[in-house]
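I have placed the structure first, in the form of structure tokens, so that the comments after it can refer back to it.
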Amino acid sequence: MKKIVLSIIGFLFLILYVYVLSLDSIPNNIILFEDETLDIKTLFGITCERVEYVANGETVEASSNLNKDTVGEKSTLFFRLFDKIVVKKVDVDVIKDVKVVPIGSTIGLKLYTKGVLVVGMNEVENSESKSVKPYENSGIVEGDMIISVNNNTITCTADLLEEVNKSNGEDLQIEYVRDGNIYETDIKPEKIEDNEYKLGLWVRDSAAGVGTITYYEPSTNRFAALGHGIMDIDTGELLEIANGEIVTTNILSINKSQKGTPGEIRGSILNQNTLGKISKNTQIGIYGTLTNPGALGIDLTKTIEVAGRNEIILGPAKIICTLENNVRKEYDIEIQQIDLKNNENNKSMVIKVTDEELLEKTNGIIQGMSGSPIIQNGKLVGAVTQVFISSPDMGYGIFADLMIKEMKES
């Protein structure tokens, strides 16, 4: 009998755990693009029977028919258990009538990490000519971010070197971040010579690259670029940043794409004008604020509407990019596939370059063109994100509505 009771209790706890996970998977805040359907799947017994939203300045109560007619610009959804107990409250914002300036200019990016990123490890030879691994058994691995030493904040490699060299070989208390969680460990630095100690860790505090700025929103001074994130070259992980900046760039050369080898835009970002500040590095783009939009040399009054994904059709479109002499040009492409349900990554559309001039210059899509705005029927529908290695005249594009929502969350 005791086993049966324990089994029943275990089963009930399992059900409770499943319900908790289901509710936890529903975000506390949701941003919807205009005309986008809100589709939230719930378990048995959980309903969303009321929607309170603001329309024309008045609070209105509506039924559970969650669509663009019942969800206002500011809404609150109440999820109830068996129509009684409120178990989740979700705020919903609906984005309407977004207008931006499509850009397509090549830019330089400088990103600075929230600490120092561990990108490698190696033995060190100490003052006694012995090869040792000070980091051994510390738990630190490549990809971890060191954020403090002995309770002193680490913002760059110079901070870390200072703490290590003033340790006199005593244990250092180190805080580091992995997968969003903070851990603590101790490492005893190894003396190399007088006043010099080492941990055996290779670290980096910044990254730089070249890409394309997609659009600028004049009403907020915010921008979006790339359509994908900046990954660390050593760890392959998305670089977690504290801040960054975008600058003008001087294009040095164009390497064409070949089957099996993506081409690239090579540019210099030294001694260039600062355009703005980066606040977010995400899987679906770089976001921030333009502080010097005039340096882009474009007409900032020429705004166009942002299309919802349901407005995108298969067929001709154009991209805007900069390949030489800092001149922005439009080139013909074709949208060949559309994944209307894609809300997870930057592979929303399959595109094909059809413009003979662009094919002559690049053989298709090359690195550095990521972020080039895609225009169809006079609206911004997305941005170029990736090239097909096996067929460089083809690649992926991301929906503009995904980039807008990510920007609004910044």
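Summary table below
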{"quantity": "Criterion (touching a residue at least 24 places away in the same chain (Cβ under 8 Å), closer than 23 Å to Lys329 by Cα and touching a Pro at 6+ places or on another chain (Cβ under 6 Å)) met by exactly one of Thr249, Thr214", "calculated": "Thr214"}
{"quantity": "Leading residue by the ranking (surrounded by the fewest Cβ atoms within 10 Å (Cβ to Cβ)) among those in the stretch 216-244 that are small (Gly, Ala, Ser) and at pLDDT below 85", "calculated": "Gly236"}
{"quantity": "Among residues of the stretch 314-327, those that are of a type outside the set (S, T, N, Q), modelled with pLDDT under 95 and more than 25 Å from the chain's Cα centre (by Cα), counted", "calculated": "2"}
{"quantity": "Within the stretch 353-395, considering residues that are among the hydroxyl-bearing types (Ser, Thr, Tyr) and surrounded by fewer than 24 Cβ atoms within 10 Å (Cβ to Cβ), the one modelled with the highest pLDDT", "calculated": "Thr354"}
{"quantity": "Positions within the stretch 158-171 being in contact (Cβ under 8 Å) with a residue 24 or more places away in the chain and crowded, with 17+ Cβ neighbours inside 10 Å, in sequence order", "calculated": "Asp159, Leu160, Val164, Ser167"}
{"quantity": "Qualifying positions in the stretch 187-206 - within 19 Å of Asp234 (Cα to Cα) and assigned to a strand (DSSP E or B)", "calculated": "Leu201, Trp202, Val203, Arg204, Asp205, Ser206"}
{"quantity": "Residues that are in contact with a Lys or Arg (Cβ under 8 Å, 6 or more places away or on another chain), assigned to a strand (DSSP E or B) and within 25 Å of Leu238 (Cα to Cα), drawn from the stretch 150-186", "calculated": "Val177"}
{"quantity": "Residue check for Glu344: among the acidic types (Asp, Glu) and either modelled with pLDDT under 95 or touching a His at 6+ places or on another chain (Cβ under 8 Å) (or both)", "calculated": "yes"}
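The values are calculated or read from the model by the stated rules, or taken from the named source; none is laboratory data. All values reported here derive from a predicted model rather than from experimental measurement. All Cβ positions, even for glycine, are placed from backbone atoms using ideal geometry, and neighbour counts span all protein chains on display.
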